[in-house]
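Structure record follows, encoded as structure tokens.
Values in this text are rule-based calculations from the coordinates and carry no lab data. Note that this is a predicted model, so its numbers are computed, not measured. For neighbour counting, all protein chains shown are included, and Cβ atoms are generated from backbone atoms with ideal geometry for every residue, glycine included.
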Amino acid sequence: MLPTTLIFGILSLVLSAVSVLAAPGACSVIRRDDGTYFRFSTGHRIEIATSRSLSGPWTIQGSAIPGGSKINLPGRDDLWAPDIIKSGSLYYLYYSVSTFGSQSSAIGVATSPSMDAGTWTDHGATGVSSKAGSAYNAIDANLVEVPGEGWKMTFGSFWRNLYQVPMQNPPLKNSGSSYQVAYNASGAHAIEGPTVYLREGYYYLFFSSGSCCGLDQNRPKQGEEYRIMVCRSRSATGGYVDRTGRSCLSGGGTTVLASNGNTYAPGGQGVFADPASGGTILYYHYIDKRIGYADGDKRFGWNVLSWSGGWPTA
Ligand SMILES: *[C@@H]1O[C@H](CO)[C@@H](O)[C@H](O)[C@H]1NC(C)=O
């Protein structure tokens, strides 16, 4: 997912005029036990916004890593694609250090007991990184805890698409080599931004496929713009197939949410079980055709997923 900029609706415009353009691209949402939703967004050294409701209004709290990442790579001041998880009494925030279109990338991690601005400790590199010539681009991390197996980080985009690597416990460093979990050999290999979600014995691998950004300048052929797709497997570590049984290592993928009505190019998604509604929430960014196609026009959206037949639809 790329460092785009989002605007999050009239209320947040009114309430936080200073940070109107500051809630961008890929984001990650979690609900704290006291009922506060935290949303971490690409840009502004990972912007923190909070709300009492997924529908907002969102209040900008500040940056998670205001000093920039300890990782000494270009992009250390412009962090992307946050992913938030809780383990024990700590929250873990993963982020990407990279620059647009470059494979010179690394995934970092920070921890906090509360998630509030000013409480984050940056631990720097997780050990998952890439450079020119690597099979993948080390961005877009997502952590999942696999019962009996421990932590897995799924990550990546473009090049040879999605990879996964085992992580130590606590999940601050990788603990083994990576392996591919999804690949689309055709076109631009435009798969990125994985989210692995365990439900009723299946691991669901959500990802974004297609063209994410600059859609005001460079509009792709209809159907080639960003969309959210899914594969599933009984194992977290591989064997992902789509609804028709096609392997997701050879182009498989079932669409969960694509352009419809005034919604265009939804992607950069995350998924979580919301204790408040009891539902599984799919959240994402999208373009509202009535507002504009520029990266700065993107909106934050969410739906409750339905799971008829064991496959999610938005
Ligand atoms: C694979 O790429 C082709 C060409 O861009 C695209 O039409 C197709 O939807 C992609 N499939 C997935 C699962 O990304």
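Within segment 93-139, the chymotrypsin sites (Phe, Trp or Tyr not before Pro) that combine a DSSP coil assignment with at most 12 other C-beta atoms in a 10 angstrom radius are F100. Toward the positive end of the charge dipole of segment 7-310, with +1 on the Cβ of Lys and Arg and -1 on the Cβ of Asp and Glu, the farthest Cα among G267, Y37, C248 is that of C248. Within the same chain, lysines fewer than 8 places from K70 are excluded, and of the rest, those with a Cα less than 25 Å from its Cα are K86, K131, K152, K173.
For A182, the residues 5 or more places off, or on other chains, whose built amide H falls under 5 Å of its own are L162. Among W58, W307, W302, sorting on how many other beta-carbon atoms sit within 10 Å of each Cβ, with the fewest leading, yields W307, W302, W58.
Close amide-amide hydrogen proximity is noted between R76 and no other residue 5 or more places distant or on a separate chain, at a cut-off under 5 Å (H modeled in the peptide plane; Pro and chain starts excluded). Each of S89, G238, V146 was scored by the projection of its Cα onto the charge dipole of segment 7-310, and the greatest displacement toward the positive side belongs to G238; charges sit on the C-beta of Lys, Arg, Asp and Glu. Summary of the geometry: segment 85-149 and segment 239-314, compared by the centres of their Cα atoms, lie 22 Å apart. Qualifying trypsin sites (Lys or Arg not before Pro) in segment 241-292, where qualification requires a DSSP coil assignment and no more than 12 other C-beta atoms within 10 Å, comprise R290. Just how far, in whole angstrom, is segment 158-182 from segment 53-74 if you go by their alpha carbon centroids? If we compute the Cα centre of each part, the gap is 24 Å. Residues S208, S130, S235, S87 in ascending order of nearby Cβ atoms (within 10 Å, fewest first): S235, S87, S130, S208. Note on segment 193-276: Cα convex hull, mean projected area over all directions, 6.9 nm². Unpaired Cys in the chain, meaning no second Cys C-beta under 4.7 Å: C27. Exposure proxy ranking for H285, H44, based on other Cβ atoms within 10 angstrom of each Cβ and starting from the fewest, stands as H44, H285.
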